[in-house]
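Read the structure below first, then the notes.
The values are calculated or read from the model by the stated rules, or taken from the named source; none is laboratory data. As the structure is a computational prediction, the values presented were derived from the model and not from experiment. Note that each Cβ is placed from the backbone with ideal geometry, even for glycine, and that neighbours are counted across all protein chains shown. Note: areas computed on protein heavy atoms with side chains; ligands, DNA, RNA excluded. Shrake-Rupley method; radii C 1.70, N 1.55, O 1.52, S 1.80 Å.
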Amino acid sequence: MKVTTTISETREQIREWKKEGLTIGLVPTMGYLHEGHASLIEKCRQENDRVVVSVFVNPTQFGPNEDLEDYPRDFGRDSALCESIGADLIFHPEPEEMYDHACAFVNIHTLSENLCGKTRPIHFKGVCTVVAKLFNIVQPDNAYFGQKDAQQLAIIKKMVKDLNFDIRIVGCPIVREADGLAKSSRNTYLNEEERKAALCLHRAVLAGQEAISAGCESAQVLRAMEQVIEAEPLAKIDYISIVDALTMQPVEKVDRDVLTAMAVYIGKTRLIDNFSYEVGI
Ligand code: PAF
C-alpha cells in the first residue's frame with residue numbers, strides 16, 4: 001500500500017492505473033477510521049481494481065466554534081486498517097496542499113440549507129468543495145459514502161449530477177455498535193455516562209420507524225421521537241425532521257420516500273442518526 005501526501009504524486013499513480021485500464025474506487029474520509037469506514041473500504045475493494053482512501057481532516061467544513069482542533073487523529077491506526085482491508089493507496093495531504101490560498105468553492109443550494117445546514121451553515125460548502133477536489137485528483141469510477149451522513153450523501157449525489165462528474169456514488173448502510181449507537185469518530189468524545197445517554201438516538205430511530213410503519217403523519221412520528229430524546233436528561237435536540245429523500249425539504253405526510261434525520265447534543269457532543277422510509281411508489 002502506497003501513501004501519498006501531494007496531489008502530483010497521487011495523480012501520477014492514478015495516471016499509471018488508468019493507462020493499464022484499471023477501475024478506481026475512492027473512499028473519502030477524515031480519518032480516525034472505525035467499522036463504518038471499514039465497511040465502505042470493503043465494499044470499494046469488492047467493486048474496483050484499485051482502492052484509494054483519502055484521510056484528510058478538511059478545515060473548510062468546520063465552523064469557527066467547532067471541533068477542528070480536537071477532531072481525533074491517528075494516522076498509524078488508519079493506515080494499518082486500510083492495509084488490512086487491501087487498500088492500494090492512502091492520500092493524506094496537509095491543508096496547505098489541498099487549499100493553497102484557494103478562492104474557488106462549490107456550493108449546493110437548497111439541499112444544504114435544512115437539517116444540519118441550519119446549525120452548520122458553511123459545512124456542506126466545505127464538504128462539496130473537498131469532495132469535488134478529491135474527485136478531480138483521484139478521478140474514481142466509484143466513490144463510497146455512509147448513509148449515516150444522509151444529507152451529505154444526498155448533496156454529493158446532486159453535486160455529481162449537476163456538475164456532470166462521471167462517477168457512480170455508492171451509499172452504504174449505517175454501521176452500529178452492538179447496543180445500537182451509530183459508529184462515529186465523534187463517539188470518542190463521550191464519557192461513560194454520556195455514552196449510555198447517547199443510546200437515546202437509536203431508541204428514537206426505533207420509535208420513529210414504528211410510528212411511520214403504523215401510518216402516522218410526520219408530526220406524530222416526530223413527537224414520538226422527541227419524547228424519547230426528552231426523557232434523557234443529558235440530551236438536547238438540535239433538530240429532528242422528516243424530509244423528502246431527494247430535496248431534503250420537510251414533508252407533512254409520508255407519501256413519498258423520506259429521510260427522518262436528527263442531530264442531538266449529548267453534553268457538548270453533537271451526534272446524528274437517521275433512517276429512510278420508502279413508500280415504494
Ligand atoms: O464524511 C466525511 O468524513 C467527510 O465529510 C468527507 C466526505 C470525507 C469530506 O471531508
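Scanning segment 20-46 for residues that are part of a helix (DSSP H, G or I) and closer than 15 Å to residue 138 by Cβ yields 40, 41, 44.
Per the conditions (1) in contact with a Pro (Cβ under 8 Å, 6 or more places away or on another chain); (2) in a loop (DSSP other than H, G, I, E, B), the sole criterion not satisfied by residue 242 is (2). Pairing each residue of segment 174-186 that is in contact (Cβ under 8 Å) with a residue 12 or more places away in the chain with any residue that is among the β-branched types (Val, Ile, Thr) and open to solvent by 20 Å² or more (accessible area, probe 1.4 Å), provided the two are 6+ apart or on different chains, yields C-beta distances under 7 Å for 182/174; 183/175. All conditions in (1) more than 30 Å from residue 108 (Cα to Cα); (2) out of contact with any Asp or Glu (no Cβ under 6 Å at 6 or more places or on another chain) hold for residue 174, with the sole exception of (1). Within segment 218-231, can one find any residue that is touching a helix residue (DSSP H, G or I) at 6+ places or on another chain (Cβ under 9 Å), crowded, with 17+ Cβ neighbours inside 10 Å and in a strand (DSSP E or B)? No - not one qualifying residue is present in segment 218-231. Within segment 52-70, the set of residues being within 20 Å of residue 147 (Cβ to Cβ) and touching a strand residue (DSSP E or B) at 6+ places or on another chain (Cβ under 8 Å) comprises 53, 54.
Among the residues of segment 24-40, those that are touching a helix residue (DSSP H, G or I) at 6+ places or on another chain (Cβ under 8 Å) and away from the ligand (no atom under 13 Å from the Cβ) comprise 24, 25, 38. Put simply, of 248, 262 the only residue that is open to solvent by less than 60 Å² (accessible area, probe 1.4 Å) and part of a loop (DSSP other than H, G, I, E, B) is 248. So for segment 193-216 (the condition being away from the ligand (no atom under 16 Å from the Cβ), in contact (Cβ under 8 Å) with a residue 12 or more places away in the chain, open to solvent by 70 Å² or more (accessible area, probe 1.4 Å) and part of a loop (DSSP other than H, G, I, E, B)), does at least one residue qualify? There is no residue in segment 193-216 that is away from the ligand (no atom under 16 Å from the Cβ), in contact (Cβ under 8 Å) with a residue 12 or more places away in the chain, open to solvent by 70 Å² or more (accessible area, probe 1.4 Å) and part of a loop (DSSP other than H, G, I, E, B).
Applying the selection to segment 47-76, what residues are farther than 28 Å from residue 20 by Cβ and assigned to a helix (DSSP H, G or I)? Once the filter is applied, which keeps residues that are farther than 28 Å from residue 20 by Cβ and assigned to a helix (DSSP H, G or I), segment 47-76 yields 59, 60, 61, 75, 76.
Residue check: is residue 101 within 30 Å of residue 275 (Cβ to Cβ) and open to solvent by 60 Å² or more (accessible area, probe 1.4 Å)?
no
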